[in-house]
Amino acid sequence: MVAESIQAIIAEYRRRQIQVESTRRDLARYVHDCHAFIDELIIIDEPQGKEGVSTVPFHLWPSQSDLLTALLTSRLTIILKARQLGISWLVCAYALWLCLFHPGRVVLLFSQGQTEADELLRRCRVMYERLPEMVRQSLSQVLISNASKLTWSNGSRILSLPATKKAGRTFTASLVVMDETAYMEYADDLFVATKPTIDGGGQLVMLSTANGRDNLFHRVWEGAQSGSNRFRPLFLPWWARPGRDDRWYANMVAEYRDLRLVHQEYPSTPEEAFEATSHDRFLTTISWWDLCRRELPPLGREPLVLGVDAAIGRRDSPSDCFALVGVTRSPLDRQNSVAVRFVHSWQASAGQRIEFQSPDGTGPEDVIRDLCRRYSVVCLVYDPYQLVDMAGRLEREGVVWCQEFSQSSARLEADKNLYDMILEQRVHHTGEELLRQHLDNADRKVDIDGRRLRIVQGSRGKVDLAVALSMAVYTCLELNL
């Protein structure tokens, strides 16, 4: 009995030694073969799998394999893609391989917002955690693992950062990933901030579905196509995913009922992708707004909501614009309508900043304080970019309740609500010319489900008053004043 136990222990020891040696040989191979590392070891989420199936092995499709080869051989890469091709997973798997097998690497992950960037990091983390235990034991060990940082004992790390103007400036990066670049609000500023971080030999990867022609992603794509920059352009059409055929595409057309939306999400060519997502005017005709004009009595003590938007101008109009709009329930139809009661904006000269408080008392914060003294201002809603400090002061001093307004889902709902109310002539105004101009300047980007939209800046000029109006109208209705 004792002899049998000893033999079993020896057999297990030999089996484990064989396994260790096999793992060592595999790891030596994976150092030089990222394709094999991903295809043989990586497991990804499968949220739309069969019941009880939440993960699947990441066996590379031909299009994914070709893209990975490009990532391994290109310093600057721009990827225009259809939806649901697993490209974000692939880029994250590449980043993981880079960190595990190459000490001291620094990877910076950016997306539309912090939440989306953190999701990219989560993918890196779960792919690492799903590696075979013996593989993980043989590699560098994780030292820090949280929502925004993943660090290993070999000095490599992956960080998810907010896509702001100055993000990433302090790093020297091995790899910078800008996911959904076409949808980043500050893509130009982020590119200027992060590009120097990889100029010593790092990589930059831009990937996105298209979002019209008026953004950094399209400009870089066009430059890559024409050869005027050094980016390598890669396009993945809808059929890059195995199983998608003409019948599948016909079903998509039938389900979406709008061929433009199909072209937007599942393009066949780059031209189709960019053309499909070109923006329409927010208001097809400004006469819709003109039909909302009414004679309104002077503002009294009715509850007033202030909407504030401070935005960075376009490259051909680089100065800041501070927009302020005040809204109440309409005295002509309190039950169903709102009324615009105050409109003002401040425009700085190029290269200068708007001073929120000025010696002559005419700065934006001065005017807001004056309005709060004279009228019954119940809430100030604001785009948090550039305005957090001012809002904090106003709240601490008891001037007005300040409410941060989300620029993601809440904005989509608010902008669609404003659009519908204008068409129904439920936004009464007295004809403020500058507000009219901003509304006429505005374009709209329709959400994929067609039930929400977003006011965006086109080529005609500023839209900040339109955004401030949208936030104020939505909040006025939400508060049920």
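The values are calculated or read from the model by the stated rules, or taken from the named source; none is laboratory data. Small disclaimer: the values here were computed from a predicted structure and weren't measured. Please note: Cβ atoms are built from the backbone with ideal geometry, for glycine as well, and neighbour counts cover all protein chains shown.
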Going through the stretch 24-44 in order, the residues found to be without any contact (Cβ under 8 Å) to a residue 60 or more places away in the chain and crowded, with 19+ Cβ neighbours inside 10 Å are Ile38
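Can you name every residue in the stretch 410-454 that is part of a strand (DSSP E or B), of a type in the set (Val, Ile, Thr) and at pLDDT 95 or above? Write out each step before concluding.
Kept after step one, since they are part of a strand (DSSP E or B), are these residues of the stretch 410-454: 427-429, 442-446, 453-454.
Applying the additional criterion that residues be of a type in the set (Val, Ile, Thr) yields 427, 446.
Passing the criteria: only Val427.
If you check Leu76, Leu60, Leu85, Leu71, which single one turns out to be assigned by TED's automatic domain parsing to the domain that holds Leu109, more than 30 Å from Val262 (Cβ to Cβ) and of a type outside the set (Asp, Glu)?
Values: Leu60 fails: more than 30 Å from Val262 (Cβ to Cβ); Leu85 fails: more than 30 Å from Val262 (Cβ to Cβ); Leu71 fails: more than 30 Å from Val262 (Cβ to Cβ).
Every option except Leu76 fails the conditions.
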Across (1) in a helix (DSSP H, G or I); (2) among the polar types (S, T, N, Q); (3) within 26 Å of Thr164 (Cβ to Cβ), Gln407 clears everything bar (1)
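Does Ser268 fit the bill of being at pLDDT 85 or above, of a type in the set (Ser, Thr, Tyr) and closer than 30 Å to Arg244 by Cα? Write out each step before concluding.
Numbers: at pLDDT 85 or above: yes; of a type in the set (Ser, Thr, Tyr): yes; closer than 30 Å to Arg244 by Cα: yes.
Yes, satisfied.
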When (1) touching a residue at least 40 places away in the same chain (Cβ under 8 Å); (2) outside any loop (DSSP other than H, G, I, E, B) are applied to Gly392, the one that fails is (1)
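Tell me, yes or no, whether the stretch 88-107 has at least one residue that is free of Cβ contacts under 8 Å to residues at least 24 places away in the same chain, outside any strand (DSSP E or B) and either of a type outside the set (Gly, Ala, Ser) or touching a Gly at 6+ places or on another chain (Cβ under 8 Å) (or both).
Scanning the stretch 88-107, I find no residue that is free of Cβ contacts under 8 Å to residues at least 24 places away in the same chain, outside any strand (DSSP E or B) and either of a type outside the set (Gly, Ala, Ser) or touching a Gly at 6+ places or on another chain (Cβ under 8 Å) (or both), so the answer is no.
For the stretch 278-311, how many residues meet the condition of being in a loop (DSSP other than H, G, I, E, B) and either crowded, with 18+ Cβ neighbours inside 10 Å or not hydroxyl-bearing (Ser, Thr, Tyr) (or both)?
Here is the first cut: in the stretch 278-311, the ones in a loop (DSSP other than H, G, I, E, B) are 278-279, 282-286, 291-292, 294-303.
Going one step further and asking which of them are either crowded, with 18+ Cβ neighbours inside 10 Å or not hydroxyl-bearing (Ser, Thr, Tyr) (or both), we end up with 279, 282-283, 286, 291-292, 294-303.
Number satisfying all stated conditions: 16.
Identify, please: which residue in the stretch 186-196 is touching a strand residue (DSSP E or B) at 6+ places or on another chain (Cβ under 9 Å) and surrounded by fewer than 21 Cβ atoms within 10 Å (Cβ to Cβ) and is, among those, nearest to Asp383 (Cα to Cα)?
It comes out as Phe191.
Looking at Arg454, Arg436 in this structure, which one is over 24 Å from the mean Cα position of the chain (by Cα) and not acidic (Asp, Glu)?
Working: Arg454 fails: over 24 Å from the mean Cα position of the chain (by Cα).
After ruling out the rest, the residue left standing is Arg436.
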Selection from the stretch 201-239 of residues within 24 Å of the chain's Cα centre (by Cα), of a type outside the set (Val, Ile, Thr) and in a helix (DSSP H, G or I) yields Leu216, Phe217, His218, Arg219, Trp221, Glu222, Gly223, Ala224, Trp238
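Here are some residues: Ala414, Ala410. Which one is surrounded by 14 or more Cβ atoms within 10 Å (Cβ to Cβ), within 22 Å of Arg454 (Cβ to Cβ) and in contact with a helix residue (DSSP H, G or I) (Cβ under 6 Å, 6 or more places away or on another chain)? Don't jump to the end; show me each part of the working.
Numbers: Ala410 fails: in contact with a helix residue (DSSP H, G or I) (Cβ under 6 Å, 6 or more places away or on another chain).
Testing whether each residue is surrounded by 14 or more Cβ atoms within 10 Å (Cβ to Cβ), within 22 Å of Arg454 (Cβ to Cβ) and in contact with a helix residue (DSSP H, G or I) (Cβ under 6 Å, 6 or more places away or on another chain) leaves just Ala414.
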Of the conditions (1) touching a Ser or Thr at 6+ places or on another chain (Cβ under 8 Å); (2) over 25 Å from Asp333 (Cα atoms), the single one that Leu481 does not satisfy is (2)
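Condition check ((1) closer than 20 Å to Val456 by Cβ; (2) not assigned by TED's automatic domain parsing to the domain that holds Ala117; (3) not polar (S, T, N, Q)) across all residues:
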residue: Thr197; (1), (2), (3): no, no, no
residue: Asp214; (1), (2), (3): yes, no, yes
residue: Arg244; (1), (2), (3): no, no, yes
residue: Leu261; (1), (2), (3): yes, no, yes
residue: Thr269; (1), (2), (3): no, no, no
